[in-house]
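Nothing in this text is a laboratory measurement; each read-out follows from the coordinates by a stated rule. This one's a predicted model, so the numbers in the text were calculated from it and none came from an experiment. Note that each Cβ is placed from the backbone with ideal geometry, even for glycine, and that neighbours are counted across all protein chains shown.
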Amino acid sequence: MRFEAPTSLNAAIELLENEAGVVRILAGGTDVLVQLRSGQVEPDLIVDIKRIEAMQTITEEDGGFRIGAAVCGAELGGHAGVCKLWPGVVEAVELIGSTQVQGRATMVGNLCNASPAADSVPAMVAAGATARVTGPEGSRDIPVEKIATGPGQTSLGRAELVESVYLPARGVHSSDAYLRFIPRTEMDIAVVGAGISIEMDGNGICTHARVALGAVGPRVMLVEDAATALIGTSIDEAALEALAQAASSAATPIDDKRGTVDFRIKVAGVLARRAAIIAVQRSRVD
Amino acid sequence: MTQTHVSTTINGDKVEYLCETDETLLDVLRDTLSLTGSKEGCGSGDCGACSVMLDGRLVCACLVLGVEAQDRKIETIEGMASGDELHPLQQKFLEHAALQCGICTPGFLVAAKALLDENPDPTETEVRYWLAGNLCRCTGYDKIIRAVMDAATEMRGQA
């Protein structure tokens, strides 16, 4: 197993392109090292992207923020601008693991690990975030929901990586929230996760909404019917009820040790409703 | 397997070592450098017994590769006391009997120091959440929390 720590993106892509065997990209390593140790993966090459400066930075761009692939949770949580613009995304990232894990784990790593229960992904999907995918042919920006194709599987090509995620600008009366259900207070994997982003007009009517659910299907899903339930309403009780029903209807979970199908379907609706209420409150504070 | 030569700084000292790609920083600290204060509990980032500081951030040494440490700054439990003088957290852990078997203790101390360096006056809730990634099967946590709160009070008095 070789280890390389390139200092430029081009060098990283070249390494990926020239390696015929199994490659793992190392950012925070909180998934990769566990997989190495358990023997789940035996890479021929590990490419550490933390020495690439652009990947270590959060940059303001067109009123939004570009988050480098190697930015850890603790750094994102300490960035006042991102916390103000996308509090739901930050709270979702901060739910990943312990203080120690936050010192290493990255949002892009969470995305590319492609767990259906990844906490930051429903929040990013709700935010309308885009991933910048770079490979030998150049770069393309794609919606984050197009990265995972199934548990542990991504749409990335063999020599491609996600270089950054872009969280867009948003209107004045807008906000977002993420909630997950776990049977304890901390340090657990989502049984259900719900991310919601909303924008209201000056009269308190919802003009834009995105709703995403985690851990209730093989990958994080964008639920358009749930967003439709909110748009054009003041997000009153009737809209919240319609939202909850749409979220529950969209859920296609499995039974496992962490939750049953029936429980997850119900909780998907409950969390969507509660997250919407939080997002509305936050949009007013702004 | 070819070994990689790594130069890094541990507790303020320049250190060089050879390691294989699949060795973790925890393996290197314990087996190569004989810094056995950091413990291996789970080896998967769940228990916090191997907590160290890496470039000023609290991390699990079991989730860092040894080869990643090139040109970084690492602080371990071995650097916490000043000579024979214990750090206030170490002293308070003794006074409050905040340990029994002691395997989790170095991790708790490193993690608690990271908290107090950043937030000298945490609430009990903040301490509990910050230390949620450090597991202890002996104490029931209460004595640990009291020791950290007491150390924080004392350290604020000294400042």
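List of remarks:
- Couplings for region A:62-75, taken from phi via the Karplus curve 6.51 cos²θ - 1.76 cosθ + 1.60 with θ = phi - 60°, read 6, x, x, 9, 9, 9, x, 5, 9, 6, 7, x, 4, 6 Hz in order; Gly and Pro are left as x.
- Reducing region B:9-83 and region A:1-19 to their Cα centroids gives an inter-centroid distance of 25 Å.
- The slack in the chain from A:Gln40 to A:Asp256, taken as 0.36 nm per residue of separation less the alpha-carbon distance, amounts to 75.7 nm.
- In chain A the longest region clear of GluC sites (Glu not before Pro) that are loop-assigned by DSSP and have at most 14 other C-beta atoms within 10 Å covers A:1-136.
- Distance between the pseudo-spin-label points of B:Cys101 and A:Ser8 (7 Å out from Cα toward the beta carbon): 5.2 nm.
- Spherically averaged projected area of the convex hull of Cα atoms, region B:88-158: 4.0 nm².
- Förster radius 25 Å - calculated FRET efficiency between A:Thr57 and B:Arg128, Cβ distance, rounded to 0.05: 0.15
- Simple spin-label estimate for B:Arg137 and A:Ala169 in nanometres, 7 Å along Cα-Cβ: 5.6 nm
- Within the listed set B:Thr105, B:Thr36, B:Thr125, the residue fluctuating most in the Gaussian network model of chain B (springs between alpha-carbon atoms under 10 angstrom) is B:Thr125.
- Chain A: relative contact order in percent, alpha carbon pairs under 8 Å with at least 6 residues between: 16 percent
- Loop-located trypsin sites (Lys or Arg not before Pro) across region B:51-159 with a Cβ neighbour count of 11 or fewer within 10 Å are B:Arg137, with loop assigned by DSSP.
- Partner chain coverage, peptide B:42-53 - average Cβ within 10 angstrom: 4
- Whole-Hz ³J(HN,Hα) from phi, Karplus 6.51 cos²θ - 1.76 cosθ + 1.60, for region A:224-236, glycine and proline x: 5, 4, 5, 5, 4, 4, 9, 5, x, 10, 8, 6, 8
- Computed lengthening from A:Asp201 to A:Asp236, 0.36 nm per intervening residue step minus Cα-Cα distance: 11.1 nm
- Computed packing ranks the peptides A:120-129, A:37-46 as A:120-129, A:37-46, most packed first, by mean other Cβ atoms within 10 Å.
- Alpha-carbon centroids, region A:71-115 and region A:154-228: separation in whole Å: 14 Å
- Near the amide H of A:Ala190, within less than 5 Å, lie no amide hydrogens of residues on another chain or at least 5 residues away, with H placed in the peptide plane.
- Karplus 3J(HN,Hα) series, Hz, for region B:153-158 with 6.51 cos²θ - 1.76 cosθ + 1.60 (x for Gly, Pro): 4, 5, 5, 5, x, 6
- For B:Lys113, the aspartates and glutamates whose Cα falls under 16 Å of its own Cα, not counting residues fewer than eight places away in the same chain, are B:Asp55, B:Glu75, B:Glu78, B:Glu85, B:Asp121, B:Glu124, B:Glu126, B:Asp150, B:Glu154.
- For the pair B:Ser7 and A:Arg274, label points projected 7 Å from Cα toward Cβ lie 5.3 nm apart.
- Test item: A:183-195 mean partner chain Cβ contacts at 10 Å: 1
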